[in-house]
Structure formats: structure tokens, C-alpha cells
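**Student:** Just dropping this structure here.
The values are calculated or read from the model by the stated rules, or taken from the named source; none is laboratory data. Everything numeric in this text was worked out from a predicted model, so none of it was measured. Heads up, the Cβs are rebuilt from the backbone with ideal geometry, glycines too, and the neighbour counts pull from every protein chain shown. In case anyone asks, the SASA skips ligands and DNA or RNA and just uses the protein heavy atoms, side chains included. Shrake-Rupley method; radii C 1.70, N 1.55, O 1.52, S 1.80 Å.
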Amino acid sequence: MVEAFAVASGKGGTGKTTSTLALGMALAADHDVTVVDADTGMANLLFHAGLDDVEVTLHDLLVEETGTHVSEATYDRFGMSVVPCGTSLAAFEAADPARLRDVVADLAGDTDVLLLDSPAALGSKSAVLPVVLADRVVVVLQPTVPALSDGLKVQEYARSYGTETAGVLFNRVHDDAGIDRIVDRASEYFGGETLATVPDSDVVRAARRAGEPLLAHAPESVPAAAYREAAARIDVRAGDEGDVADRFRSAVVPDTP
Amino acid sequence: MNTPEDYSDDRFSIPRGDLVRSRVVTDVGEALAAALARELTGYLVLEPQDALLLGGETRGVLTFEAGVPVVAYSVETDSGGTDALADLAVPGPFRVDVFESPSTALSEAHDTDELWVPPGSPAETLADAPDLAARTRDAAPDEWLQRGDDDTDAVAAFLEDDAKLDAIRQQARAEAEARAEQWGLTGQLADDT
């Protein structure tokens, strides 16, 4: 079985990468989880997962004829398989986004849950691909007007491609006053469940500085508990890995980023 | 000073100031930061440029005293304070006209407490710029920090505006479909679109 989720937000700074790894670790308690940094232009997952010194990344898989096998860019960390992406601009420019499709198709054959940390902006062909290809999208929101507006936008893009919303996650929430009203109201506009409300916390920043996912760095913290609650609310569907792999492989994919 | 029940069509009126700058920005934060830096006393007229979201016309006025926002007013909906900010919180770009006024010309508007906004609220609501909001609060007199509603109310007001939320979704849908064509992804679009 496999289900592919794009973790998306429509804008930067919402804590999308923190959320991807936290949901991944929480889901890994019951599932075989693979996390991919599909934000190839602004990769940062490697810093969150202590992988900033690795030699081989997704970029090597996206460049033609390097002969790199997917397994060489896949790292077992924190109970998950993690495919980080490098940060070199030259590598980004040399990368062929069409190959992301094949990489993800390969990974789909060997996991239960695929989490694609997706680009914040939807301004390019390669940036929209994770949302196009995923089964469902998890929308990470902050309770601010611009973040909600951009979140609605990314959800609508996803729906245009038949990708429904698995749920929304309110992240970096500053105070509880009025948040319930906002969450209730927002749920009318966003599909799926409200997965959790994650408080803004220094512990999240400390985890990032330590190069560890939040659930490894501070598993007993309030935000970590909220992410576990969120993961428990995602009902992972048992897709056929062959179908998912075929869907990724057959996607009409642009020639250039 | 207007009382809360004094809701006339012209509850917001200020004498015309001197136009000192007019430009189109994608990020309203730039205009707010510039107003803070030059310690603007006067007002900004903000006009979202997006035709689909206009539904006619949307125009907002945000006044400043020494660089710090004081009152907000949305001309089309006749709403004030954080409700007006929620009206204006649409994806850019915006035409921004900057007017300078003598403080005395603004005093009547600035006494209208139902139009007050918390000093950091425009930066947070219109630009999602917490650092700018913090700098603005630092520049504000202490007693202003209690003004208006908190930012949660601006978000709640935004979420009550069905027409605008629908417009954002329709615009995103149209944009997604147009870009799918441009990117050769139309084959991936869902059948019901």
C-alpha cells in the first residue's frame, strides 16, 4: 500500500518542513514512511534532518546521466527514509524536474506513506508537480490573513488537478484567544479535517538549530504532541503501489523547470 | 468625536493632503515600512489592482501619525478598523498613493476610536510582516498599543467574508487552469474542472 501526500502551504515561513518531518515521524510509528524534499529550488529539509553533510541528494537523481540510484540518496533517519535535496543553485538549474516523477515512482514501490515537502510558491512547472502528482494534500496554515489566503489558493490549485485535501494544520499559533473561532470558520473553506493546532514555540526553533526533527529533539513537548495528534487524524489509504507508481510515471511532465 | 451610533455615510472624512508619491507595489509592507522610516504624518490610499477581487472598486485609507498607523477605513464597504484591514487583505499588487497632511487635519479622524487599528496590525494583516509590526509597535506611544481589536479579529473578519473567499478561490482556479495550459499539464487536470 502507498499513499502520497504533498505537504504544502502556498507561502513560506509557515513551518512546512518542520511539519513534514514531524508528521513523518509520527506516522512512522504505524507506517513505513518516506519523506522527500520536493522543494528543489529552496531545499531545507536536509538542515532539519541533520543531513547537511551528505554527498548524494535528490539533485543527483534529477540530473541526467549521473547514474545515481535512488537508494544512494535515501537515508534512514529517525525511523523514516529521508530523501534530502541539495541547496546548490547550479544543481537546481541542471536538474530535470521530469525525473522527480520517476524518483517518486521508484520510492512508491517500497513504502506506505510518501510525504512530499512541496515548494511554497506555485510559480513554476516544477513547483506545482508535487501537488499535481500527490493523492492528497496537507495544507499548513498560520492563522494570519495572508497565510489563509495563500492556503486557499494552493488548495484550489490542488483541486484543479483532482488532489483533495487530507486536512489542514494550523501552525505557529501564537495565542489561543479566538483561535477556535478561526479554526471553525476556516474548516468551512478547507477540505478534510483540522488535524491540529500547533503552538509557536522556542522548542521548534531549538530543534531546527540542532538539526533534528522536532519529535526527535523534544518528543515530550506540546508541539510534538500536537503533531502526533495530527498524524493520528490522517487516515492513510491503502493505494496500490503499482497504480501510484504508474501515475507518477505517466504524468505529463514539462521539459524544463 | 463620533459616537458608535453615529454611522453616517461620511463618518470618515479627512481634508485632502499633499500627494508625495504614487506607485504600484506587490508588497504593501514596502509602503508601510517607508511610512515608518519617513515618520509619515498623513495617509495612504491603497487600491488593490486585481480586477477579479475588486467586484467594482475597493479602496482603503490608512492614516499615520509619525509613521505609525492610526485608523483604517474601507471606502467600498464603509467599514473601519481591523474590519477595513480584512477588506484590503487581498493578494497584490496595490496602487499606493502617499499623502502628507498636517496633524491637525487628521485630528477628527484620529479621534474616531471605532476606526482605530492596533499599530502593528496593518503590517501583520496586509503584509504578514511580524518584524515590521514589532518595529511599528516600538515606535508607537504605549497607550496606542491597546487600540482596536487584536489581529485575531482581523482574521475572523476575513473568514466571514464569503464573497472575497470565493473570489480568491475562483481566481486561483482560473489561474491554475491557465497555467496548466501554459505548462503542458492540462492532461492532469481533474475532469470536473
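**Student:** Could you grab the pairs with beta carbons closer than 6 Å, sequence gap of 6+ or different chains, first residue in the range B:162-173 and facing chain A (nearest Cβ under 7 Å), second one among the basic types (Lys, Arg) and open to solvent by 60 Å² or more (accessible area, probe 1.4 Å)?
**Tutor:** Taking only residues 6 or more apart or on different chains, the pairs are B:172/A:153.
**Student:** Identify the single condition in (1) open to solvent by 40 Å² or more (accessible area, probe 1.4 Å); (2) among the small types (Gly, Ala, Ser); (3) in contact with a helix residue (DSSP H, G or I) (Cβ under 7 Å, 6 or more places away or on another chain); (4) closer than 30 Å to residue A:131 by Cβ that residue B:139 does not satisfy, given that it satisfies every other one.
**Tutor:** That leaves (4) as the condition not met.
**Student:** Could we say that residue B:117 is among the aliphatic types (A, V, I, L, M) and closer than 19 Å to residue B:25 by Cα here?
**Tutor:** Taking the combined requirement at face value, the residue does not satisfy it.
**Student:** Hey, residue A:42 hits all of (1) among the hydrophobic types (A, V, I, L, M, F, W, C); (2) part of a strand (DSSP E or B); (3) open to solvent by 10 Å² or more (accessible area, probe 1.4 Å) but one; which does it fall short on?
**Tutor:** So the condition that residue A:42 fails would be (2).
**Student:** Somewhere in the range B:44-66, is a residue among the aromatic types (Phe, Trp, Tyr) and either at pLDDT 90 or above or surrounded by fewer than 15 Cβ atoms within 10 Å (Cβ to Cβ) (or both)?
**Tutor:** The answer is yes, given that some residue of the range B:44-66 is among the aromatic types (Phe, Trp, Tyr) and either at pLDDT 90 or above or surrounded by fewer than 15 Cβ atoms within 10 Å (Cβ to Cβ) (or both).
**Student:** Could we say that residue B:177 is within 14 Å of chain A (Cβ to nearest Cβ), free of Cβ contacts under 8 Å to residues at least 40 places away in the same chain, buried (at least 18 other Cβ atoms within 10 Å of the Cβ) and of a type in the set (D, E, K, R) here?
**Tutor:** When the stated conditions are applied, residue B:177 does not pass them.
**Student:** So for the range B:139-155 (the condition being hydroxyl-bearing (Ser, Thr, Tyr) and within 12 Å of residue B:32 (Cα to Cα)), does at least one residue qualify?
**Tutor:** Among the residues of the range B:139-155, not one is hydroxyl-bearing (Ser, Thr, Tyr) and within 12 Å of residue B:32 (Cα to Cα), which makes the answer no.
**Student:** Got a sec? Which of A:123, A:67, A:50, A:24 is buried (at least 17 other Cβ atoms within 10 Å of the Cβ), part of a loop (DSSP other than H, G, I, E, B) and of a type outside the set (A, V, I, L, M, F, W, C)?
**Tutor:** Criteria check complete, one pass: A:50.
**Student:** Here is a further query. Could you say which residue among B:125, B:152, B:104 is closer than 21 Å to residue B:16 by Cα, of a type in the set (Ser, Thr, Tyr) and part of a helix (DSSP H, G or I)?
**Tutor:** Step by step, each of B:125, B:152, B:104 is checked, and only B:104 is closer than 21 Å to residue B:16 by Cα, of a type in the set (Ser, Thr, Tyr) and part of a helix (DSSP H, G or I).
**Student:** A follow-up question, please. Restricting the first residue to the range B:52-65 and requiring it to be in the same structural domain as residue B:91 (by TED's automatic domain parsing), which pairs with a second residue that is open to solvent by 30 Å² or more (accessible area, probe 1.4 Å) and at pLDDT 75 or above meet a Cβ separation below 6 Å and a spacing of at least six or different chains?
**Tutor:** Partner pairs satisfying both residue conditions: B:52/B:171; B:57/B:76; B:58/B:76; B:59/B:47; B:59/B:75; B:65/B:41.
**Student:** Restricting attention to the range A:137-164, and to residues there that are under 19 Å from residue B:188 (Cβ atoms) and open to solvent by 10 Å² or more (accessible area, probe 1.4 Å), which single residue is farthest from the other protein chains (Cβ to nearest Cβ)?
**Tutor:** The residue in question is A:164.
**Student:** Now a separate question. When you look at residue B:193, is it of a type in the set (S, T, N, Q), modelled with pLDDT of 90 or more and more than 18 Å from residue A:150 (Cβ to Cβ), yes or no?
**Tutor:** No: the conditions fail for residue B:193.
Condition check ((1) surrounded by fewer than 18 Cβ atoms within 10 Å (Cβ to Cβ); (2) touching a strand residue (DSSP E or B) at 6+ places or on another chain (Cβ under 6 Å); (3) within 14 Å of another protein chain (Cβ to nearest Cβ); (4) without any contact (Cβ under 8 Å) to a residue 60 or more places away in the chain) across all residues:
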| residue | (1), (2), (3), (4) |
| --- | --- |
| A:184 | yes, no, yes, yes |
| A:206 | yes, no, no, yes |
| A:214 | no, no, no, no |
| A:224 | no, no, no, no |
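**Student:** Being modelled with pLDDT under 80, away from chain A (no Cβ under 11 Å) and more than 22 Å from residue B:92 (Cβ to Cβ) narrows it down to one residue among B:147, B:137; which is it?
**Tutor:** The conditions single out B:147.
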